[in-house]
């Protein structure tokens, strides 16, 4: 099972997300992560979908997505040729003896502490998927209360537009 | 102009002559506009039939069928018709009424999310939110339905939108940035295909319903005539290709002929044209076409590599691609291969079961001989479908319509209604079982109201025969398949003013078919068939 990143330009109107999600459900494809936002052209949204599967399944996913009238363009991005970032907010339990260790780790990962009280803090981490996952692993022993991850935002490297 | 009038004008611009529908309050303005137009409205007795009739009409005329239903339950009842058309790639426009825009999402009376409910089996769908968009949406809907791989498009129109005043101008061009179907086959791929075919000893063409969707029967025959390559076909590929054509080996698949399947297994190059080679065509076999190098021609790129991996895919309109192939192909020496197939055909010639009551195979052979060459035959789903696919002789110009993909029971009667309205002067026969008849018999009302003349060939074994057969084979027992205490079908159709006759033996068949053909109204031939008659 490999991970594939699909960067998809779609018409920005209601119903598109449900058509896309419905396709994944019906054909039994799994979504690892999904981000949607509008582009510089307000009539177009970009969906970044990370899927795992083999090459044949991914090819089918791309073909089936392409059949949707609202899908304008699909680019399959290889991790080597793309820049990917994910943001996570992590609420960690604070105790007198753990506070400095946590802050030290946050600094190493160039994260931000965005909220803090006597019992917990919320940490903001940005990076590729692996960096975020590693950070979350490191926080686990301290007691994670809640985590939210945005999913990947990905752009192809180089000056070309598509 | 009122948006409702604009919708009807769009239909007129698209040359729509007939719509099949069932009214309700949320399509009130649309029906008022329809009343004032020249478009004929056929009132069905159940919305499902509106879908099947529109689909039958579309296939018979090779144009687009249009059906209309009201919001909520009306639209929901239409679903089976839409899904059936989708599975067989039939171009269709389904127009549904929707509750007022300000009430959407409030769970009001007769509200249903029909777009959401049909997402996975419409080619595309629109919920009209701004009346000004109607001309563009209708233009796009028709364009999407008929181009590329055809399919149903749903347009859901809230009541208040229908009543809104708009400026009407029908767009002359369509520009959908996410929809650009491929028409021309890739030249390099065609060249590769030609080389592969030229080097083959046992080439075989497998014809699917896509050939008919593309109106490419003529081009197919031209390719075969020049190359001398034999063909087999799927259930959907039976329509339009003469059965007795020298190069037509016959139906493949789980319910196909053994010799046709044997030809598939023995071919060294397999040319798939407009077929998805789904489970019924391959017989679920993983070894299907494994020996052969596969050339796959389809307008839908997603079909290539979905069920079968192809060595040489050619995406595009198969009419164009077949023309290109014919231009470049030379005669292949297939004499040995053809005689080999001919031997198998003799060897495996189907042995008929003993004549218990009416033999359905014989009934279909006789019907084939007696009806006109340009007759349109619809078959339902079940044993009747398999028997028809085996024994209906396709003469040149004859048509065969059935629900091949979804396998929807109750298809044959409403589809035959669509065919009869499309071609009032042509013979239309609907073949069905006692199960499928009872699933759509409400349409007898539609037939009576419109004075349509259809022959029903009903195989009555007082069972859901196909399931009965399957359960008997698999479980050695049957359950839930008995249709005992069936009504008197002849009396039933007589109540509608139609003719009918029960046939108990083969010897009475000819007289009954003759009477049906001479009748000036719809006529039921009820064949009493033994439940032991099987398809396999």
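Just to be sure before I move on: is residue B:153 within 14 Å of chain A (Cβ to nearest Cβ), touching a residue at least 24 places away in the same chain (Cβ under 8 Å) and surrounded by 17 or more Cβ atoms within 10 Å (Cβ to Cβ) in the structure I sent?
Values: within 14 Å of chain A (Cβ to nearest Cβ): yes; touching a residue at least 24 places away in the same chain (Cβ under 8 Å): yes; surrounded by 17 or more Cβ atoms within 10 Å (Cβ to Cβ): yes.
Here the answer is yes, as residue B:153 does meet what is asked.
Output the residue which, of all residues in the stretch A:87-130 that are closer than 21 Å to residue A:4 by Cα and at pLDDT 95 or above, is surrounded by the most Cβ atoms within 10 Å (Cβ to Cβ). Walk me through it before giving the result.
Step one: filter the stretch A:87-130 for residues closer than 21 Å to residue A:4 by Cα, giving A:87-88, A:126-130.
Next, only the ones that are at pLDDT 95 or above stay: A:87-88, A:126-127.
On the way: A:87: 15, A:88: 22, A:126: 17, A:127: 18.
Among those residues, the one meeting the criterion is A:88.
Given the criteria within 27 Å of the chain's Cα centre (by Cα) and touching a residue at least 12 places away in the same chain (Cβ under 8 Å), does residue B:465 qualify?
Values: within 27 Å of the chain's Cα centre (by Cα): yes; touching a residue at least 12 places away in the same chain (Cβ under 8 Å): yes.
Judged against the criteria, residue B:465 is a match.
Residue by residue through the stretch B:4-21, note down the ones that are in a helix (DSSP H, G or I) and under 26 Å from the mean Cα position of the chain (by Cα).
The first filter runs over the stretch B:4-21 and keeps only residues in a helix (DSSP H, G or I), leaving B:4-13.
B:10, B:11, B:12, B:13 - these are the residues of the stretch B:4-21 that are in a helix (DSSP H, G or I) and under 26 Å from the mean Cα position of the chain (by Cα).
Looking at (1) closer than 30 Å to residue B:154 by Cβ; (2) more than 14 Å from chain B (Cβ to nearest Cβ); (3) out of contact with any strand residue (DSSP E or B) (no Cβ under 8 Å at 6 or more places or on another chain), find the lone condition where residue A:96 falls short.
(1)
State the number of residues belonging to the stretch B:491-509 that are in contact with a strand residue (DSSP E or B) (Cβ under 7 Å, 6 or more places away or on another chain), buried (at least 17 other Cβ atoms within 10 Å of the Cβ) and closer than 19 Å to residue B:442 by Cα.
Here is the first cut: in the stretch B:491-509, the ones in contact with a strand residue (DSSP E or B) (Cβ under 7 Å, 6 or more places away or on another chain) are B:493-494, B:498-504, B:509.
Narrowing the set further to residues that are buried (at least 17 other Cβ atoms within 10 Å of the Cβ) leaves B:493, B:498-503, B:509.
From what's left, closer than 19 Å to residue B:442 by Cα: B:493, B:498-500.
Residues in the stretch B:491-509 being in contact with a strand residue (DSSP E or B) (Cβ under 7 Å, 6 or more places away or on another chain), buried (at least 17 other Cβ atoms within 10 Å of the Cβ) and closer than 19 Å to residue B:442 by Cα: 4 in total.
Being at pLDDT 95 or above and closer than 30 Å to residue A:27 by Cα narrows it down to one residue among B:373, B:393, B:324, B:300; which is it? So that I can check it myself, show each step before the final result.
Details: B:373 fails: closer than 30 Å to residue A:27 by Cα; B:393 fails: closer than 30 Å to residue A:27 by Cα; B:324 fails: closer than 30 Å to residue A:27 by Cα.
That would be B:300, the only listed residue that is at pLDDT 95 or above and closer than 30 Å to residue A:27 by Cα.
Could you pull out the residue among B:155, B:232 that is more than 25 Å from residue B:27 (Cβ to Cβ) and outside the structural domain of residue B:404 (by TED's automatic domain parsing)? Write out each step before concluding.
Numbers: B:155 fails: more than 25 Å from residue B:27 (Cβ to Cβ).
Being more than 25 Å from residue B:27 (Cβ to Cβ) and outside the structural domain of residue B:404 (by TED's automatic domain parsing) holds for just one of B:155, B:232, which is B:232.
Per-residue answers, yes or no, for (1) within 20 Å of residue B:216 (Cα to Cα); (2) touching a helix residue (DSSP H, G or I) at 6+ places or on another chain (Cβ under 8 Å); (3) free of Cβ contacts under 8 Å to residues at least 40 places away in the same chain; (4) surrounded by 24 or more Cβ atoms within 10 Å (Cβ to Cβ):
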position: B:264; (1), (2), (3), (4): no, no, no, yes
position: B:291; (1), (2), (3), (4): no, yes, yes, no
position: B:320; (1), (2), (3), (4): yes, no, no, no
position: B:326; (1), (2), (3), (4): yes, yes, no, no
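Please work out which one of (1) surrounded by fewer than 22 Cβ atoms within 10 Å (Cβ to Cβ); (2) within 14 Å of chain A (Cβ to nearest Cβ); (3) within 23 Å of the chain's Cα centre (by Cα) is the condition residue B:125 fails and give its number.
Result: residue B:125 fails condition (1) only.
Please state which one of B:531, B:512, B:516 is in contact with a strand residue (DSSP E or B) (Cβ under 6 Å, 6 or more places away or on another chain) and assigned to a loop (DSSP other than H, G, I, E, B). Steps first, answer last, please.
Working: B:512 fails: assigned to a loop (DSSP other than H, G, I, E, B); B:516 fails: assigned to a loop (DSSP other than H, G, I, E, B).
On inspection, the qualifying residue turns out to be B:531.
Going through B:287, B:309 one at a time, which residue ends up being over 25 Å from residue B:239 (Cα atoms), modelled with pLDDT under 95 and within 14 Å of chain A (Cβ to nearest Cβ)? Show your work before the answer.
Working: B:287 fails: within 14 Å of chain A (Cβ to nearest Cβ).
That would be B:309, the only listed residue that is over 25 Å from residue B:239 (Cα atoms), modelled with pLDDT under 95 and within 14 Å of chain A (Cβ to nearest Cβ).
Taking the conditions exactly as written (farther than 23 Å from residue B:161 by Cα and at pLDDT below 95), does residue B:120 satisfy them or not?
Numbers: farther than 23 Å from residue B:161 by Cα: yes; at pLDDT below 95: yes.
Yes; evaluated as a whole, the condition is true for this residue.
Scan the stretch B:161-171 for residues that are more than 35 Å from the chain's Cα centre (by Cα) and either modelled with pLDDT under 95 or closer than 16 Å to residue B:28 by Cβ (or both) and jot them down.
Within the stretch B:161-171, B:163, B:164 qualify.
Just a yes or no: is a residue in the stretch B:60-83 in contact with a strand residue (DSSP E or B) (Cβ under 7 Å, 6 or more places away or on another chain) and more than 26 Å from residue B:129 (Cβ to Cβ)? Reasoning before the result, please.
As a first pass, look at the stretch B:60-83 and keep what is in contact with a strand residue (DSSP E or B) (Cβ under 7 Å, 6 or more places away or on another chain): B:60, B:64-71, B:74-75, B:77-78, B:81-82.
Filter once more, keeping what is more than 26 Å from residue B:129 (Cβ to Cβ): B:60.
Taking every residue of the stretch B:60-83 in turn, at least one turns out to be in contact with a strand residue (DSSP E or B) (Cβ under 7 Å, 6 or more places away or on another chain) and more than 26 Å from residue B:129 (Cβ to Cβ).
Which one is nearest to residue B:304 (Cα to Cα) among residues in the stretch A:44-54 that are within 14 Å of chain B (Cβ to nearest Cβ) and surrounded by 19 or more Cβ atoms within 10 Å (Cβ to Cβ)?
A:47
Considering each of B:480, B:500 in turn, give the residue that is closer than 24 Å to residue B:533 by Cα and part of a strand (DSSP E or B). Give the steps one after another, and end with the answer.
On the way: B:480 fails: part of a strand (DSSP E or B).
Going through B:480, B:500 in turn, just one is closer than 24 Å to residue B:533 by Cα and part of a strand (DSSP E or B): B:500.
How many residues does the stretch B:177-212 hold that are in a helix (DSSP H, G or I) and within 23 Å of residue B:260 (Cβ to Cβ)?
The first filter runs over the stretch B:177-212 and keeps only residues in a helix (DSSP H, G or I), leaving B:187-198, B:210-212.
This time we only want the ones that are within 23 Å of residue B:260 (Cβ to Cβ), so: B:193, B:196-197, B:210-212.
Counting residues in the stretch B:177-212 that are in a helix (DSSP H, G or I) and within 23 Å of residue B:260 (Cβ to Cβ) gives 6.
Can we say residue B:68 is free of Cβ contacts under 8 Å to residues at least 60 places away in the same chain, in a helix (DSSP H, G or I), over 16 Å from the mean Cα position of the chain (by Cα) and more than 22 Å from residue B:213 (Cβ to Cβ)? Talk me through it step by step, then tell me what you get.
Details: free of Cβ contacts under 8 Å to residues at least 60 places away in the same chain: yes; in a helix (DSSP H, G or I): no; over 16 Å from the mean Cα position of the chain (by Cα): yes; more than 22 Å from residue B:213 (Cβ to Cβ): yes.
Answer is no for this residue.
Need a quick list: helices (runs of 4 or more DSSP H) entirely within the stretch B:213-317 having at least 1 residues that are under 20 Å from residue B:396 (Cβ atoms). Break it down stepwise before answering.
Numbers: elements: B:217-227, B:258-266, B:279-282.
Hits in the stretch B:213-317: B:217-227.
Suppose we keep only residues that are within 14 Å of chain B (Cβ to nearest Cβ) and in contact with a strand residue (DSSP E or B) (Cβ under 7 Å, 6 or more places away or on another chain) within the stretch A:21-42. Which one would you say is surrounded by the fewest Cβ atoms within 10 Å (Cβ to Cβ)? If you could, list the steps in order and put the result at the bottom.
Start the filter on the stretch A:21-42 by keeping residues that are within 14 Å of chain B (Cβ to nearest Cβ), which leaves A:21-29, A:39, A:41.
Restricting the remaining residues to those that are in contact with a strand residue (DSSP E or B) (Cβ under 7 Å, 6 or more places away or on another chain) gives A:24, A:29, A:39.
Working: A:24: 17, A:29: 18, A:39: 12.
By that ranking, first place goes to A:39.
Failed condition for residue B:105, given (1) in contact with a helix residue (DSSP H, G or I) (Cβ under 8 Å, 6 or more places away or on another chain); (2) surrounded by fewer than 19 Cβ atoms within 10 Å (Cβ to Cβ), with all others met?
It is condition (1) that residue B:105 fails.
Can you spot a residue in the stretch A:55-74 that is under 20 Å from the mean Cα position of the chain (by Cα), exposed (fewer than 14 other Cβ atoms within 10 Å of the Cβ) and either at pLDDT below 90 or at the interface with chain B (Cβ under 9 Å from one of its Cβ atoms) (or both)?
Within the stretch A:55-74, not a single residue is under 20 Å from the mean Cα position of the chain (by Cα), exposed (fewer than 14 other Cβ atoms within 10 Å of the Cβ) and either at pLDDT below 90 or at the interface with chain B (Cβ under 9 Å from one of its Cβ atoms) (or both).
Quick check on residue B:82: is it within 23 Å of residue B:55 (Cα to Cα), out of contact with any helix residue (DSSP H, G or I) (no Cβ under 8 Å at 6 or more places or on another chain) and crowded, with 17+ Cβ neighbours inside 10 Å?
On the way: within 23 Å of residue B:55 (Cα to Cα): yes; out of contact with any helix residue (DSSP H, G or I) (no Cβ under 8 Å at 6 or more places or on another chain): no; crowded, with 17+ Cβ neighbours inside 10 Å: yes.
So residue B:82 fails the test.
I'd like to know if the stretch B:22-38 contains one or more residues that are in contact (Cβ under 8 Å) with a residue 24 or more places away in the chain and under 25 Å from residue B:213 (Cα atoms).
no
Can you confirm whether the stretch A:1-8 contains a residue that is within 14 Å of chain B (Cβ to nearest Cβ) and either at pLDDT below 90 or surrounded by 13 or more Cβ atoms within 10 Å (Cβ to Cβ) (or both)? I'd like the intermediate steps shown before the answer.
So in the stretch A:1-8, the residues within 14 Å of chain B (Cβ to nearest Cβ) come out as A:8.
Checking the rest, the ones that are also either at pLDDT below 90 or surrounded by 13 or more Cβ atoms within 10 Å (Cβ to Cβ) (or both) come to A:8.
Yes, because at least one residue in the stretch A:1-8 is within 14 Å of chain B (Cβ to nearest Cβ) and either at pLDDT below 90 or surrounded by 13 or more Cβ atoms within 10 Å (Cβ to Cβ) (or both).
If you go through the stretch B:223-231 one residue at a time, do you hit one that is under 22 Å from residue B:280 (Cα atoms) and either surrounded by fewer than 21 Cβ atoms within 10 Å (Cβ to Cβ) or in contact (Cβ under 8 Å) with a residue 24 or more places away in the chain (or both)?
yes
The values are calculated or read from the model by the stated rules, or taken from the named source; none is laboratory data. Here the structure is a predicted model, which is why all the values come from computation and not from measurement. Virtual Cβ from ideal backbone geometry, glycine too; neighbours counted across all protein chains shown.
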